[in-house]
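The values are calculated or read from the model by the stated rules, or taken from the named source; none is laboratory data. Fair warning: this is a prediction, and the values are worked out from it, not measured in the lab. Neighbour counts are summed over all protein chains in view; Cβ atoms, including those assigned to glycine, are modelled from backbone coordinates with ideal geometry. Side chains included, ligands, DNA and RNA excluded: accessible areas come from the protein's heavy atoms. Shrake-Rupley method; radii C 1.70, N 1.55, O 1.52, S 1.80 Å.
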Amino acid sequence: SEEADSSQQADGDSSSGSTQSESDRGSSSENDEEEREEDQDAPRRDRVMNPDWEPTSEKGKMLIVMKAMEKSNILLRPSCCCPWHAAIDAMKGSLVKLEGVSCNKDFTAKGDWQCGKCQSLESLQ
């Protein structure tokens with residue numbers, strides 16, 4: 001008889017045969033909410049956008065931006081000191097506009113291989 005009682009308690013059964021009382025269910029959902037709140041409060045850790053590749057170095061990111069600058073035929077205003085700084089200003093403006101675009105959870109880094117020196121992702125083409 002004691003074994004039956006302890007077996008029912010271990011299974012979550014009460015003497016009425018139900019598996020979980022109303023108060024147990026309430027505290028369970030409260031515990032779930034507390035766990036979710038704790039997860040939200042936990043510090044987020046850095047992770048790479050695409051786990052197949054190493055993170056791109058700062059030097060690599062600068063080289064990538066410089067390549068984009070070389071592919072952009074921008075307007076040189078009379079007020080600019082030189083084409084280099086005009087291209088930098090143009091890229092900054094484009095980045096600010098891109099920052100305002102809606103989130104894209106599917107965006108990822110793409111490439112066929114990774115440079116061993118700067119960790120930029122490159123294509124075979």
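Of the residues in region 102-120, not one is open to solvent by less than 50 Å² (accessible area, probe 1.4 Å), without any contact (Cβ under 8 Å) to a residue 40 or more places away in the chain and in contact with a helix residue (DSSP H, G or I) (Cβ under 8 Å, 6 or more places away or on another chain). Might you check whether a residue that is in a loop (DSSP other than H, G, I, E, B), modelled with pLDDT of 90 or more, touching a Leu at 6+ places or on another chain (Cβ under 9 Å) and β-branched (V, I, T) occurs anywhere in region 108-118? Checked against the condition, which is being in a loop (DSSP other than H, G, I, E, B), modelled with pLDDT of 90 or more, touching a Leu at 6+ places or on another chain (Cβ under 9 Å) and β-branched (V, I, T), region 108-118 yields no hits at all.
Of the helices (runs of 4 or more DSSP H) entirely within region 1-91, those holding at least 3 residues that are modelled with pLDDT of 90 or more occupy 58-70.
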